[in-house]
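This report concerns only the one structure given below.
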Amino acid sequence: MIIGNLTFPNDDDSPLCRMIRMLGAQCIPSRDPEVLSIADGLILSGTGDPATAMRSLQTLHCTRWLQEYKQPVLGVNMGMHLLFESRNDGDGDGTRFLGLLPGRVESFHSCDCPSPNMGWHRLQPSREHSLLNGLMPNERFYYIHREFIEPTPCTLATSTCWNTFSAVVAD
């Protein structure tokens, strides 16, 4: 199995790729759609400002390619945010993202919550899915983020920290 890793910032030896290789799959870190096209699936990952990452995707001609990509895509951290339609920037317009999933990324400031949200929070599955196989009831995960996605029809699991947010999503 070949997994492509499109990450921001670019990291040819990311811990994510090292983990994939430890599990016996091949990992191709790249920002080139032609290189990533041979992958059986793609991980879109990264940290930082999603608007900056979105501009990079547009510059690299990855936006349309991702929107038309037929293999599974897993969004991790900021990559999950980029899968959604937009971000509420507080000015009414918002930043447009990939639009692969319905929903809008919100700031914790918009709900008067401390930001960034940091700490261990329980995962609460909202429906069964293979992505959740092997997780124990009330499994806890560490979060450090300034933005969140309210639960949508594609939410598989939520977590709560002052408000309930999507922790795992799938189409």
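The values are calculated or read from the model by the stated rules, or taken from the named source; none is laboratory data. Owing to the predicted nature of the structure, the values given are computational and were not obtained by experimental measurement. Note that we place each Cβ from the backbone using ideal geometry, even for glycine, and neighbour counts take in every protein chain shown. Areas reflect the complete protein model, heavy atoms only, side chains present, ligands, DNA and RNA absent. Shrake-Rupley method; radii C 1.70, N 1.55, O 1.52, S 1.80 Å.
Residues that are open to solvent by less than 20 Å² (accessible area, probe 1.4 Å) and among the polar types (S, T, N, Q) within segment 31-61 comprise just one, 45.
Take the residues in segment 12-28 that are more than 14 Å from residue 44 (Cα to Cα) and part of a loop (DSSP other than H, G, I, E, B), then tell me which one is most open to solvent (accessible area, probe 1.4 Å). Residue satisfying both the conditions and the ranking: 23. Selection of segment 118-171 for residues being touching a His at 6+ places or on another chain (Cβ under 9 Å) and of a type in the set (A, V, I, L, M) yields 118, 149, 156, 157, 167, 168, 170. Taking segment 155-166 as the search range and keeping residues that are open to solvent by 20 Å² or more (accessible area, probe 1.4 Å) and under 15 Å from residue 138 (Cα atoms), which one is nearest to the chain's Cα centre (by Cα)? So the residue we want is 158. You will find that of 134, 119, the residue that is of a type in the set (Gly, Ala, Ser), in contact (Cβ under 8 Å) with a residue 12 or more places away in the chain and surrounded by fewer than 16 Cβ atoms within 10 Å (Cβ to Cβ) is 119 and no other.
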